[in-house]
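Rule-based calculations on the coordinates, nothing more; no lab input. Computed from a prediction, not measured in an experiment: that's the story for all the values here. Cβ: placed from backbone, ideal geometry, glycine included. Neighbour counts: every protein chain shown.
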Amino acid sequence: MLRNTIYYNIKPFIPREWRTMLRRRIAVRQRKRFGDIWPIMAGSERPPAAWPGWPNGKKFAVVLTHDVESGVGLEKCGALMRLEQAMGFRSCFNLIPKGNYRVSPALRTEMAQQGFEVGLHDLRHDGRLFSSARRFRRDAIEINHFLREWKSVGFRSGFMLHNLDWLHQLDIEYDLSTFDTDPFEPQPEGRHTIFPFWVPRPLSQSPSGASREGYVELPYTLPQDSTLFLLLREPTIEIWQRKLQWIAAHGGMALINIHPDYLRFEDERPSTQSYPVEHYRQLLEHLRQTYGETFWQPLPRQVADFVTKLALRPTSRRLKRVCMVTHSFYESDNRVTRYAEALAARGDRVDVFALRRSPELPRKENIKGVSLFRVQDRFGKNERSKFAYLWPLLRFLTISSRCVTRHHVRKRYDFVHVHNVPDFLIFSAWYPKLTGARVILDIHDIVPEFFESKFRMRPKGVLFTSLQWMERASAAFADHVIVANHLWLRKYSVRTRTIGRCTVLINNVDSSIFSSRGLNQRSDGKFVILFPGGLQWHQGVDIAVRAFEKVSEAMPDAEFHIYGDGSAKESLMTLAETIGLRSKVRFFKTMSVREIARVMASADVGVVPKRADSFGNEAYSTKIMEFMSVGVPVVVSRTKVDLYYFDDSVVRFFDSGDADALAREILDLLQDSQLRRSMVARATEYAAKHCWDNCKGEYLNLVDSLCDSSVEMRVSSSLQTAA
C-alpha cells in the first residue's frame, strides 16, 4: 500500500513518542469501528479442510512467540526465558539478523539448549521488505543465508506485513506474519482462521524459486501485547482471557506475540513504552489453572512439522470481503439475498448497500450474517415519467459510490457484485476496481427492453440507442456478467461483446425459505388466488383482475390477493373498483422474502399473467418456482421464457392476454382437488431438483475463480517485474 510505503520511508525521522501518540489515537477510533470483528471474528473458528485435530487428543494448542525489536529487548530475553521455564512453558524468539543489535552465537546456542526456538524476524525490520518484488528477491538471498547459519526454519516479517506467495522464495518450514483478525495492523487483511494451514507453492512459480513445495502458516490469534497495553492501554488481561476461552471452545490455536522490549520487570521504572510483566505471568498462570493439561504447548516448528506430515494437509480458503450494490429492497429481493446469505454462511464478510422501504427500518442491520446498509429512502415505486424514474437512480449511484469507496478504504473488498436495474450502478465500484477488486454485473433485467416496455418507447429511438450504449459500457467495465436466463444470454453477450465472460444463473429458489407444506386446506371457507411481485404493465396483473371477475361469479367465496408495489398499482385499484370487486381484490404491501413465503404457502392458486407481447415475454419470473416450491399450483401465461423452462405437467398455461382462458384455468384448479394434487406433486419434485442449494456452488465457484485469478495476475505481474 502506498500509505505504508510513505510511512516507513519517513518513520526514522519521527520521534518514537510522536509515532506512539498518533497510533494510539487512531487505534482508539478504530476500536469503536471494528468492534464486530475484533478481537473475535465470527467464522474464524471453522477448521480448515481436512483438519484432523491436535496430537494426543489435546483440546487446543498454545504457541508462544516473541519478537525482539531492539537491544533493550535482547537484554530481557534471559529473564523472559527463566519466567517461562519456571511455569513449564517454552517459546520461540524471533531475532533480527541485520537490525540495530547484534545476535551472538552464544545466545542462540543457549536458547536452543534450554529448549527454546530461534526464528528470523525480518531482515532489517524497516518496513520495506515487501516494497517491491525485486527488493524482496534480493533480500531473500540474505534471509536464506541467515536461516542456514542460525539453523532456523521459521520467519516473521516486521510489522506483520506479508505476501504469502513471495515467501515461497524463503527456505522456511513456517511463517508467522499473519493473524486471524487485527484491524490495528498496517496491513489489516487477516486470514480469518484460528488454525494453522498449509500454503502450497503457486503453479505459476518455478520450483527453482524455492527448495520446498510449500510451508505452514501460523497466524497469531491472541492480540499482540503492544496493541492491548501500549495503544489501547488495557489495565487487565480480560481480552486475552475472553479470546482464549473462545479459541479453546473451538479447538483452535492460541498463538501470541510478546515483545520483550515492552515488558517491565519488577526492578524497572514505569514508562509509556512498557507494561508490567505481571500481565504475561497472569496469562501463563491462567492457562495452567483453567485448562490444566488439556492443551498442547508446542514450539512453532513442532506445529509446522505436525501439519507438514499430515496425509491431507489442511489448507485455508481466505475469507473474502464482499460488497453488493442493489437499487432494491434487500429483504424482498430473493436474488440478492440468496447470493449474500450463501457467501455469509461460508464465512465471507458481506456488505450490502440497498434502499430503505420505510422510516421505521434501521439504516444499518445485520441479517443472517449480512451487514445491510440502507443508504437511500424509497417509500413508494410510482415514478411515471422518465426523469422521475432516472433521478433516484442517479442519486443512488452517487450515494452508493461514496459508501463503497469509504468502506473499501477502511478494509479492502475482494470483489463487488452489482445488481441492475440500472446497468450504470456498476460504476459505483470504480475505486475497488481501480485497486484490484473484481467486479460482477448481475443482469436481473435487460435495460433497453425493460425501459421500452415501461415507458412505451420506440425500439429504434434515441433513448433506446443510448441505453444500449450504456449497456455496452457497463458490461465492458465488469470482469464478469451474470445473466438471469438463457434466452437473454446470446442476445446480451453478442450485443455487449461479452461472449466468454457471461454466466447464466436463473432465479433458483432457496428451499430453506420456500418449502412445501402440503396441499392447502383452508379453514375459513375462502379460496385465495395470489399474485406477489412488482406491479408494472408488463406483469399483466390487470389481465388477472379481469379474469378474477369471472372466477368470482362462479365461486363467490374466492378472493384475489395482490402483494407488491409499482407504477401500475393505482390503475389496478381503480380497475377493481370499476368492476365492483374492490372488496374481493385486496392489495397488500411488499413483504420480506421470508414473510411472502408464508403468505404464498397459504394460497390456493398462484398466477403469473405476464404479457407475451412485451418485455415479460423473455423475463424469467421467480414467482413460478416459488409457488412450485411451497406446493401451490400456478397458472402461467404462455411466454417464450416460461415455455423454455416449464411444461404443462408442472404449470397450467393460458394464452397471454386472454382473461377468459386464465379464468378457466384457475377454476379448473380450484374445483378439481385431484388435478391440484397431481400437479403439485410433479411441480414440487421439479422445484426440489432445481433449487438454490443444488445450484449455489456454481456461483461460489465463479466468485472464487475470479478472485483467485486476480491474485494470480498480481503475483505473475510482480514476478515479471522482478525478472
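Just the C-alpha atoms of segment 319-413: what Rg/Rh do they give, with Rh taken as the Kirkwood radius?
0.98
Any chance you could list the semi-axes, whole Å, largest first, of the equivalent ellipsoid that the Cα gyration tensor gives for the chain, using √(5λ)?
Semi-axes from the Cα gyration tensor: 60, 26, 23 Å.
Using only the Cα atoms of segment 214-329, build the gyration tensor, take square roots of its eigenvalues as a ≥ b ≥ c, and label the shape rounded, prolate or oblate: rounded if a/c is under 1.5, else prolate if a/b is larger than b/c, else oblate.
It is oblate, given that a/c is not under 1.5 and a/b is not larger than b/c.
Loop-only chymotrypsin sites (Phe, Trp or Tyr not before Pro) in segment 219-294, please: DSSP not H, G, I, E or B, and at most 16 other Cβ atoms within 10 Å.
Phe265
Apply the Karplus parameterisation 6.51 cos²θ - 1.76 cosθ + 1.60, with θ equal to phi minus 60°, to every residue of segment 175-180 and state each ³J(HN,Hα) to the nearest whole Hz, in sequence, with x for glycine and proline.
10, 10, 8, 10, 8, 6
Cβ under 13 Å from Glu698's Cβ, Glu698 left aside: what net charge do those residues give with Lys, Arg +1 and Asp, Glu -1?
Summing Lys/Arg as +1 and Asp/Glu as -1 gives 0.
Once you keep just the Cα pairs under 8 angstrom separated by 6 or more residues, what percentage relative contact order results for the chain?
Here the relative contact order equals 10 percent.
Kyte-Doolittle cut-off -1.0, length cut-off 30 Å along the helix's own axis using Cα: show which whole DSSP H helices in the chain pass.
Helices passing the filter in the chain: 386-410, 696-722.
How big is segment 270-354 on each of its three principal axes, counting only the C-alpha atoms and giving the largest first in Å?
Principal-axis extents of segment 270-354 (Cα, largest first): 54, 47, 25 Å.
How big is the Kirkwood radius of segment 527-693, worked out from every pair of different alpha carbons and given in Å to one decimal?
Final number for the Kirkwood radius of segment 527-693 is 15.7 Å.
Calculate the FRET efficiency for Met573 and Gln245 from the Cβ-Cβ distance with a Förster distance of 51 Å, rounded to the nearest 0.05.
My answer for the efficiency is 0.30.
Pull up all non-local amide H partners of Val528: gap of 5 or more, or a different chain, and H-to-H distance under 5 Å with H placed in the peptide plane.
The list, which skips near neighbours in sequence, is Glu559, Asp604, Val605.
With r defined as the distance between the Cβ atoms of His145 and Arg29 and R0 fixed at 51 Å, what FRET efficiency is calculated, to the nearest 0.05?
0.75
Which of the GluC sites (Glu not before Pro) across segment 276-315 are loop residues per DSSP, with 10 or fewer other Cβ within 10 Å?
Those satisfying the criteria are Glu293.
Check Glu117: other-chain or 5+ apart residues with amide H under 5 Å from its amide H, H built from backbone geometry?
Ser91, Cys92, Phe93
Just to compare against my own numbers: the Cα pair-distance distribution for segment 464-607, 5 Å bins, whole % per bin, please.
Calculated P(r), rounded to whole percents: 2, 8, 15, 14, 14, 12, 12, 10, 7, 4, 2, 0.
Can you compute the FRET efficiency between Gln282 and Asn100 using 1/(1 + (r/R0)^6), with r the Cβ-Cβ distance and R0 = 25 Å? Round to the nearest 0.05.
Computed FRET efficiency for Gln282 and Asn100 comes out at 0.25.
Nothing charged except the Cβ atoms of Lys and Arg (+1) and of Asp and Glu (-1): what's the magnitude of the dipole of the chain about its Cα centre? Round to the nearest 20 debye.
That gives the chain a dipole magnitude of about 1600 debye.
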